[in-house]
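Before any comments, here is the structure.
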Amino acid sequence: MPSPADLKLYTTGTLSGLSEDAARSARLRKNLNVHPVLEDPVQRLFNALEPGTYARPHRHSRSDGWELMVVVRGAFSVLVFDDHGRVAERIDLKADGGDCAVEIPAGAWHTVVSRVSGTVMVEVKPGPYSPIADEDFAAWAPDEGSADAAAQLRRLESAQPGDRVCSTEFLS
């Protein structure tokens, strides 16, 4: 039987520190893994996201590639796309009322947009960890860190269902 010493407590200070690290990082996001090893069958992590972070739309194509996102602090939007970069759904999550969690099914193109400084989410997904393969990044979206990423993020921030967020240069 586990002892109280085996409990893991994630304090307000822990999450504040994670948000501060995210704000100082070049990518404007930072994660804190809760799972002990990357091979763990259940990946659990806190992810701090600042406004201005760009996560290239992607999918988890393995059959068990679902992903649960729960807002802990702040607010973020999850955008789900069709295969051509058109927004199929926009889910706005916020910690201080309203919707607070979404589970994204395997194979769904998606991204996250932070709407408030200090935003922190919990992600849960099946392990073991495997990096996203090149073919699972949307060909219709610019690479993270590219010259076109900032314009893409601006489109994502206000995108609504039915909007095409990709520019024609990324369409294949």
Quiz item: Fewest first, what order do 104, 91, 132 take by the number of other Cβ atoms within 10 Å?
Solution: 132, 91, 104
Quiz item: Hey, what did the chain get for relative contact order, percent, Cα under 8 Å, at least 6 apart?
Solution: 27
Quiz item: In degrees from 0 to 90, rounded to the nearest 10, what is the angle of the helix 12-24 Cα long axis to the longest principal axis of the chain?
Solution: 40
Self-check item: Charge dipole (debye, nearest 20) of region 1-124; +1 at Cβ of Lys and Arg, -1 at Cβ of Asp and Glu
Solution: 380
Quiz item: Quick one: Karplus J couplings for region 87-104, per residue in order, coefficients 6.51, -1.76, 1.60, θ = phi - 60°, nearest Hz, x for Gly and Pro?
Solution: 5, 8, 8, 10, 10, 9, 10, 8, 6, 9, x, x, 5, 10, 7, 8, 10, 8
Practice problem: Report, by chain and number, residues whose modeled amide H sits under 5 Å from the one on residue 35, excluding near sequence neighbours (fewer than 5 apart, same chain). | Solution: 44
Practice problem: Calculate, in nm to one decimal, what residue 155 and residue 9 gain on full extension: separation in residues at 0.36 nm each, minus their alpha carbon distance. | Solution: 48.8 nm
Quiz item: If you line up the long axis of helix 149-158 against the longest principal axis of the chain, both from Cα atoms, how many degrees apart are they, to the nearest 10?
Solution: 80
Exercise. Would you please put 34-41, 58-65, 46-53 in order of how densely packed they are, using the mean number of other Cβ atoms within 10 angstrom per residue and starting with the highest?
Key: 46-53, 58-65, 34-41
Self-check item: For residue 132, residues with placed amide H under 5 Å, excluding near neighbours
Solution: none
Practice problem: Just check region 41-172 against the gyration tensor rule for me: Cα atoms, a ≥ b ≥ c as the square roots of the eigenvalues, rounded for a/c under 1.5, and otherwise prolate or oblate depending on whether a/b exceeds b/c. | Solution: oblate
Quiz item: What shape does region 1-85 take by its C-alpha gyration tensor, where a ≥ b ≥ c are the square roots of the eigenvalues and a/c under 1.5 counts as rounded, a/b above b/c as prolate, and the rest as oblate?
Solution: oblate
Exercise. Taking amide H positions as placed in the peptide plane 1.01 Å from N, state which residues far from residue 119 in sequence (5 or more) or on other chains have amide H under 5 Å from it.
Key: 49, 75
Quiz item: Which value in deg cm²/dmol, rounded to the nearest 500, describes the helix-derived mean residue ellipticity at 222 nm for the chain, given -39,500 (n - 2.57) per DSSP H run of n ≥ 4 and division by the residue count?
Solution: -4000 deg cm²/dmol
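Read the figures in this text as sums done on the coordinates, not as results from a lab. The structure presented is a predicted model; accordingly, all values stated were derived computationally and were not measured. Please note: Cβ atoms are built from the backbone with ideal geometry, for glycine as well, and neighbour counts cover all protein chains shown.
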